[in-house]
Each structure stands twice: as structure tokens, then as C-alpha cells.
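Some notes on the structure that comes next.
The values are calculated or read from the model by the stated rules, or taken from the named source; none is laboratory data. Predicted model only: the values in this text are computed from it and were never measured. All Cβ positions, glycine included, derive from the backbone under ideal geometry; neighbour counts span all protein chains shown.
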Amino acid sequence: MLDIRNMSVFFSSKNHGVIAVDDVSLSLGAGRILGVVGESGSGKSQLFKAIGGLSHGEVSGSACLEERELLELTPRQLGRVRGKDIGYVFQDPMTSLNPFLRICTQLTEVAIRHLGLSHKAALDRAHGLLQQVLIPDPDRTLRSYPHELSGGMRQRVVIAMALMAEPKLLIADEPTTALDSTVQLQILQLLKTLNKNTGVTMVLISHDIGVVSSVCDEVLVMYAGRISELADVADLIAAPRHPYTGKLIASTPDVELPKTTILHGIPGGLPAHNTPRERCLFADRCIQSAAVCFDERPPAQLIGNTQAMCHFPLQEEISLV
Amino acid sequence: MSENTLPNEPKNTTSDLKEGLSVENVSVTYMTGRSLLSSGSPVRAVRNASFTVPEGHTLGIVGESGCGKSALARALVGLAPVSAGRVFWRGQQISNLAEKEFRELRKNIQMVFQDPYSSLNPKLKVFDVLAEPLRTHMPDLSKAEMAVLISDILETVGLQADIMDRFSHELSGGQAQRIGIGRSVITQPGLLICDESVSALDVSVQATILNLLKSLQADLDLSMIFISHDLGVIKYIADTVAVLYLGQIVESGPVEDVLGNPSHPYTQLLLRSSLSPGGEPITATIDDAAPVDLPSNTAPPEGCAFRARCTRAKEDCISSPELRPTSSQMHHAACHFPILSEETN
């Protein structure tokens, strides 16, 4: 369904360049939900902005959506792909909504443009989708302006808008980060329901491994622009193979854990932009790094179904409970 | 109006108030939409909150956006007016003091904010950021003494001394928050109020900052109020917790008790919404029927504020529930139909 090969995103500036995404390859099956976890600067957003032509950097590599190469399309063609084949939902619903237009205008525009529906048919579709995203009073919402809605309602409208043209792929970039936890739960349940009922393939990008592990089938963990680990969600939580994943899970506060559990965190910070690339970028913060980690780029190692980019992937089963 | 009373509440006697912070029936009301023609409408951000924080303890305050948790924190440090009720710090009344009197007190009560960058002056080097509270509160210090205190505090918050010459934009988020904490504890306060102080940080850094706060608390014998929307963070750092809903405390008590055996349906909802790596996966079923928006705090609903969202609500909920002891004398909930511990198991 989605096949990404050797994708990189590079930002050049006057003084130095920054590699935001560094040689990422992955493929995602139809109807699956991929979670993408990483901390700020991991490149998780840039990777999935780049496949829809939303990146301002230099993009190289290949990204195929159902056999169609996305990175060779013209900006105009990409514009069509974005509404029609790929729907985007961002953290702040107001980046996707025009504050001056009523919700009905914004929703119907998508279907009229991409599906060629009549205004009446588009309005019916918008009404149906608002019901599907569990908006209690779709008629009133259609007449509203974005500022008249609460944050949770706005995010539902944006999800409905992303689904208006029946996309094959829905990319949700931190869709619940700005929302209260009770609303977050509702939105995540909604995404899960949409996935089940319509079969839409999803990418859920989040800094919160709790969110990702509760919703997704498989998880991509990114660090400093690179893949750390790619695994089925149950494997990732039960037996993380990359030391970074293990540390990330062990740093996450969890109300289910006994109060006496100690969170260790990861001392240090992201590598400087001029760090040599032929090495492991996590090595400075890793407790088990050896000389080779500073000299050679770690290979992709396969353990079961898990792919870990590490010279010394964790082998034994770790119990978190 | 319900009587929002917490355990250990001193009943208007001043004898045992010397310990830590005591908040009695505090309300914080803002006016919004004020113009030449209208005096605006009141927003009742905090209603009748009472609690104590014994010396050396941490109270966690948890709630969703708009529940008044930040308004409460700001009122305690004099950044927002206390419209009713009283606040005592080590026996001294500190609510609605004149700015001059409060200045002396600020040495003792300090705050750490959410955004580590916007709370640091971008034009000051780290040294001057840390020197500012010393110049204000300890003007008699010599330059040499000040430099010693500053390099000590940098060590305390886990930073190298060479960071002194940098500006805040040259710091990472974790470093900037360490400076923010250093600035707050350099005057050796007795009470530290942390308002979502780790929410803007990546989890790997967040954990190290939480550990720093824990060790500072032990070393300096700090009392802390820690405000967060994250129950996992609250459980990690707090001894007791108060759950705030629409400006009112709806449940309070020892943190393990409240989060392990929630009595109030709202606390239970928050717990169910808290997603953890090893937790139950979310299923494709919608269990909360219709999504309900938070009621407004310009016109808070009559009776229990949570009843519109509550699955247990009955007719009685039209009257305001009082905070009452539940499973133990320390654990209180304001609910007519509290969840019994047998139900949760």
C-alpha cells in the first residue's frame, strides 16, 4: 500500500545543513495503523509531510502509494493526491480550518473538487461524515464557524474533512496532543472505529508511546531522523530491541505502575547537527555503546518480526510489569 | 455552595497553621469582557477550595484545561486576586497582601512555569537570570558570594558551570527548565509551585527533571504543589492529590489511594483516559455515548458540576455534593454516589 525506500529530507541553511530524515525505508499494508513515535527533532513529522509534498526541505528517495511514485509528481499533482488519496490531520485544527468560512463550505469544497460531487451531494456527504465522527448536532455544526466549536469538536471536523474525498491513507500528526485526556480518548476511539469500518490505512504520529501503543498495529520508533526500531506493537512493548526504545518506555510515567517505580530518563540530548553520520546517533546516551557504535552506522537487524538499527540489539525478554 | 473541605483542615484555629501551606475556602474570580459600558461577567475559576500542604510534602493538583488549576496556583503566589477565603503560609496570612509585603514572601514561595523558554528573559545570560532573585531578595550579598551561590545552584540542578555565559535560546529544553528551577530554588524557598513544569519536555528529559525535583525536595525540605494533567506524573511525584473539576475539588487524598481506588466518577474517567505503554488497547467501540463539552465556568451548572457527563448521575445530583470521607478518613470525594472499592475490582 505505502512503500517508502531510502527517503531522506535535508534542510540547508547558510551555515550548516540539517538532515531531518536519514535514509528511512518501510512499507505499510492496507488497512493497518502505523504508529510513529519519537521525541522532538526525531524527524517523525518531516517524513510524513515529505510523502505528501508538504516538506520545505530537499527530499530524496522513493515513496510509492499503491505503486504510484509520489516524489516525482508535480506540485499540482501532489495537491490532488493530498485531498484525494492522502488525508492529513494536524495537531492544531486551526491550521486546517479557515476561520472565515462556515464548516459546511470547507467540507463540501473538498468533495466538490476531488470527487466532482454536486453541492447537494457534497452537503449530504458532509452531514453523514459529521455523524460518523460523532458530532451530536451535525446541522448546527455545518452552519458554524470554527471559533464557535470546542477544540475536540474542531478536531472531529478536521478528521471529517480529511475523510471527505475517501482517502486511502490518513496521516494524523499529533491529532490529540492539544486535547484533554478525556477528549483524546474519544478521538482515538473514533480513529480506531473509522479504521475498522472504512478500512482506511492510518499513520498516527505522536510523541506519546502510550497513545501509539493503545491504538496502532505496528510502531516505528525514530531518533535523530533515523529508524531506531520497527515492530508490531505487542513485541515493541513486551520486548523492545533498540536500547532507545527500552529507555523511552522506562521514562514514561505510568499511572498503572507502583509509586515506587523509578523513572530514569535518558541523560544527555540529541546529537549536534554536525555529528558524523557514519555512527550510531544514540551512542552518546546509550549505556551499552561500544567503540564500533561510534565508528559504524548500525545495520538493520531482524529479531523475530522486529527490525532494530543497532549494533547490539537487546536480546532477552524484558518484563515491564 | 458546597463546603469543600480536605483532610487535616485546621478548623479556623491558628495553632497548627505553622506547618506549611493552608488554604481555606479560597475562590478566584476573574472578570471577562469588561468594557466601558459593562463591568463584564465573572468567571469563577476556583470555587471554595480548601487544602493543606504539610511542610516537606507534595500536593498534586490534576484536572483538565479550564478546571482552574493554574488560576489557583497563580492566586497562591499573588499573581491573581483571591476573591474569597484565606491562604496561610507557616501561620501567616498571605492572601491579598500588598505588593510590597508580598515581595518579601516571594523569597519563600516560588514558581516554576510550563514553558522553559518564555519564562526566561532572552536578553539575560544564565548568570544574570540566576543573579536576579539574589539581587532582589538578598541585596547585601557581595559579588563573590553571589558567584559562589550561582555555581552551587548550577551544580544542584545538574548543569556545568560553563553554561553561565549562555543565553536562554542556546539551551536545550531540559537545560532551560533546569535553569528555571535553579532560579526558583536559589533563594531557598519553603514552597515551590510547579505549574505543568514538565509538560513541554520530551519524556526522556521529563523523567530527569522529575527526579531532580524529587531530590531537591528531599535536600531542601521543600513543600511542593505540582500541577499537571498527567496522572502518571502526579502519581510519581505527589504524596497527596486533589482532583479539580470546573473550579472545585471533587476528590482528594493520598495519591495511591485516590488513583488506585477512585471514588469520584470523574477521577475514574481521567484514569480510564490515561494511556500507558502496557495498558489496554483502545477498541473500535465508542463507550462514551455522546461527547459532551465542558460546562462553562461563567455559569457553572447547579448541583454537581460533573452530572452532565456522569454515567451514575441521578436526581439527587441536582444538589451540590460535599467532600466527604470515603474509604478512609484521608480520602475525600464530593459525590452523592461515590464508587465503592469493590466496584472497581
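Details
- So A:R156, is it of a type in the set (K, R) and surrounded by 24 or more Cβ atoms within 10 Å (Cβ to Cβ): yes
- Subset of segment B:31-68 (residues that are over 22 Å from B:H229 (Cα atoms) and either in contact (Cβ under 8 Å) with a residue 40 or more places away in the chain or aromatic (F, W, Y) (or both)): B:T32, B:S41, B:P42, B:P54, B:E55, B:G56
- Some residue of segment B:149-157 being under 30 Å from A:S40 (Cα atoms) and within 19 Å of the chain's Cα centre (by Cα): no
- Segment B:241-254: number of residues that are surrounded by 24 or more Cβ atoms within 10 Å (Cβ to Cβ) and either more than 19 Å from B:G66 (Cα to Cα) or among the acidic types (D, E) (or both): 2
- Residue within segment B:239-257 that is in a strand (DSSP E or B), away from chain A (no Cβ under 14 Å), among the aliphatic types (A, V, I, L, M) and touching a Leu at 6+ places or on another chain (Cβ under 6 Å) present: no
- Scope segment A:99-111; condition within 15 Å of A:A160 (Cβ to Cβ) and either in contact with a helix residue (DSSP H, G or I) (Cβ under 7 Å, 6 or more places away or on another chain) or surrounded by 16 or more Cβ atoms within 10 Å (Cβ to Cβ) (or both); matching residues: A:R102, A:I103, A:C104, A:Q106, A:L107, A:T108, A:E109, A:V110, A:A111
- Boolean, B:S296 is modelled with pLDDT of 85 or more, of a type in the set (S, T, Y) and not in a strand (DSSP E or B): no
- A count restricted to segment A:105-146 and to residues that are assigned to a helix (DSSP H, G or I) and within 14 Å of chain B (Cβ to nearest Cβ) stands at 6.
- Some residue of segment A:118-130 being surrounded by fewer than 20 Cβ atoms within 10 Å (Cβ to Cβ), free of Cβ contacts under 8 Å to residues at least 40 places away in the same chain and hydrophobic (A, V, I, L, M, F, W, C): yes
- Close pairs (7 angstrom Cβ cut-off, 6 or more residues apart or separate chains): facing chain A (nearest Cβ under 7 Å) in segment B:268-282, among the hydrophobic types (A, V, I, L, M, F, W, C) and part of a loop (DSSP other than H, G, I, E, B) anywhere: B:L271/A:V255; B:S274/A:V255; B:S276/A:V255; B:G278/A:L320; B:G278/A:V321
- Scan of segment A:190-219 for residues that are at the interface with chain B (Cβ under 9 Å from one of its Cβ atoms) and more than 30 Å from A:R241 (Cβ to Cβ), ordered by number: A:L190, A:T193, A:L194, A:N197
- Residue check, B:D230 modelled with pLDDT under 95, more than 12 Å from every other protein chain (Cβ to nearest Cβ) and closer than 27 Å to B:G180 by Cβ: no
- So B:P116, is it at pLDDT below 90 and either under 18 Å from the mean Cα position of the chain (by Cα) or within 14 Å of chain A (Cβ to nearest Cβ) (or both): yes
- Failed criterion for B:Y236 (all others in (1) within 14 Å of another protein chain (Cβ to nearest Cβ); (2) farther than 27 Å from B:R44 by Cα; (3) in contact (Cβ under 8 Å) with a residue 60 or more places away in the chain hold): (3)
- Checking B:S215 against (1) touching a strand residue (DSSP E or B) at 6+ places or on another chain (Cβ under 9 Å); (2) more than 10 Å from chain A (Cβ to nearest Cβ), the condition it does not meet: (1)
Listed here are the residues, each with its yes/no results for (1) small (G, A, S); (2) within 14 Å of chain B (Cβ to nearest Cβ).
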site	(1), (2)
A:Y244	no, yes
A:P253	no, yes
A:K259	no, yes
A:C286	no, yes
A:S289	yes, no
A:E296	no, no
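- Here A:G79, A:G53, A:G35, A:G83 are screened, and the one residue that is over 24 Å from A:S214 (Cβ atoms) and either touching a strand residue (DSSP E or B) at 6+ places or on another chain (Cβ under 9 Å) or in a strand (DSSP E or B) (or both) is A:G53.
- Selection count where residues are in contact with a Phe, Trp or Tyr (Cβ under 8 Å, 6 or more places away or on another chain), within 23 Å of B:G278 (Cβ to Cβ) and basic (K, R), scope segment A:247-284: 1
- For segment A:261-280, the set of residues classified as buried (at least 17 other Cβ atoms within 10 Å of the Cβ) and either more than 30 Å from A:K14 (Cα to Cα) or within 14 Å of chain B (Cβ to nearest Cβ) (or both) consists of A:L263, A:G265, A:I266, A:G269, A:L270, A:P271, listed by residue number.
- Of all residues in segment B:175-201, those being within 12 Å of chain A (Cβ to nearest Cβ), surrounded by fewer than 24 Cβ atoms within 10 Å (Cβ to Cβ) and farther than 19 Å from B:L149 by Cα number 3.
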